[in-house]
Each structure stands twice: as C-alpha cells, then as structure tokens.
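The values are calculated or read from the model by the stated rules, or taken from the named source; none is laboratory data. Since this is a predicted model, take the numbers as computed values, not measurements. Neighbour counts are summed over all protein chains in view; Cβ atoms, including those assigned to glycine, are modelled from backbone coordinates with ideal geometry.
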Amino acid sequence: MISFWSRILNLVSPQRCVSCGLRLAPGEDIVCTKCNLRLPRTLYHEDPYENTMATMFWGRMKTERCAAFLFYSAGSEAGNIIYQMKYHGHPEIGVKMGRMMASEFMDSGFFDGIDLIIPLPLGRNRLRQRGFNQSAEIARGVSEVTGIPVGKRVVSRTQFRESQTHKGRWERNENVKDAFRLEDTERISGKHLLLIDDVATTGATLIACGSELLKAEGTRVSILTLAYAKS
Ligand SMILES: [Zn+2]
C-alpha cells in the first residue's frame, strides 16, 4: 500500500531510480521495476555454506552462513546503488536495500537461529565525514524485516587507516588486523551473530572484525553483505 502522503510527496518531488535515474512509478522504491529485474543477484543465500563468498573465508576464519545480495562492480547497478548511498548522503537507500534483501532471503532459512545483528563499525573519522554508517543502515533494514535485534557498541573500530583500495590482499590483511576491539563480551557470549557490511571484496575487514567477535566464548558468526565483488 502506498500512503496518501507518499503519493503527494512523490508528485511534489518525484523519486528517481538510483540505478537508471528515471522517475519511479507509484509503488516503486529505490530502483524501478526494470532495473530491479536486472539487479545481478548472487543467490548465495540458497547455498550459504559453500558458495564462492563462503569459500573465501575458509582457513581464514570460522564462519557459519555467508551471503551477499548482489554482485558488485564499479558502474554496475549494484555499484550505482552503493555509490549513491555512501557518497551522495543517502542512508535511507541502505535501510531500503536491507529490507529488500531480507525479504528475498526470509523463506530460505538464512536468518534461522541468528540471535543478534552486528553492523561492521566505521572509524570515527569516516563516520564524522559521512554522517552515517552504511552497514548500520543496512542492518536496520534487515532487522525490521527479520525482527532480529541490532547489537550496538558490541565491537568498535580502534583506528582510522588510509583507504585500502590500492593495496594488495595480504597487505590489506595486515592493515586491518588490529582495527577492531570487542567492547561487550557478555552481550554476545554463546550467540549466533550476523555480521553485516555493505561490500565484501577480499574479506579482510570482515575477518578482522569477525575474529574479534569470535573471541567471546561460544559465539558463532554468519556474514551478510549487500554486495560481493569478486577479487
Ligand atoms: Zn531504473
């Protein structure tokens, strides 16, 4: 159902598809129907233990389930969505994409038995610069659909490091290794956690954060990202 007010708002300031830029029709949100159909879905949630993304963690960190919603490459539909969200100040895109992803994953059992959602924390400088943590926004959307609570201040990012895009895989690993600190061991002991981030590339950041979570006794970690970039 589209509310009266959102209809009025849409007349005054028409929403545009974040992927192709065309006007959205009533009932469409974030992306138009045509772009939505073309979004490159990974379908990893249908095989959350042995998909390409899951194998990336093998031997590096113990994970339960792993999935990403879309395949990512710069300039692709998923790339545009994430770019708009992060660099054009649209946290609501994160929330809505989180909702969309969770709705599509719900029936697969991907969320079964998960106790707590942990958004990957952003460094303080980056948070100040951007004004929001995209992972926390995605997490909020996932939480709304699944009813699984979001754990805040469970883990923190201890340092801000330079952009990692020009570094090699192992160098990147080094760079983020000590970047996270567990703040609330009690809250997560014995729990199955879902660590959420926007994009997974080498997995280095997720591993650094996830390994910190695994320091608490009896925790298990599953991983969910909006997009996965094959490295
Ligand atoms: Zn479109």
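Of all residues being touching a residue at least 12 places away in the same chain (Cβ under 8 Å) and surrounded by fewer than 19 Cβ atoms within 10 Å (Cβ to Cβ) in the range 123-139, which is nearest to the chain's Cα centre (by Cα)? Just the residue, please. Full working, then the answer.
Residues of the range 123-139 touching a residue at least 12 places away in the same chain (Cβ under 8 Å): 123-126, 130-139.
Among the residues that remain, those that are also surrounded by fewer than 19 Cβ atoms within 10 Å (Cβ to Cβ) are: 123-126, 130-132.
Working: 123: 16, 124: 19, 125: 20, 126: 17, 130: 16, 131: 17, 132: 13 Å.
The residue in question is 132.
What's the number of the condition residue 27 fails, among (1) within 16 Å of the ligand (Cβ to nearest atom); (2) modelled with pLDDT of 90 or more; (3) surrounded by fewer than 15 Cβ atoms within 10 Å (Cβ to Cβ)?
The number of the failed condition is (2).
Just for the range 30-58: of the residues that are basic (Lys, Arg) and near the ligand (Cβ under 10 Å from one of its atoms), which one is farthest from residue 206 (Cα to Cα)?
34
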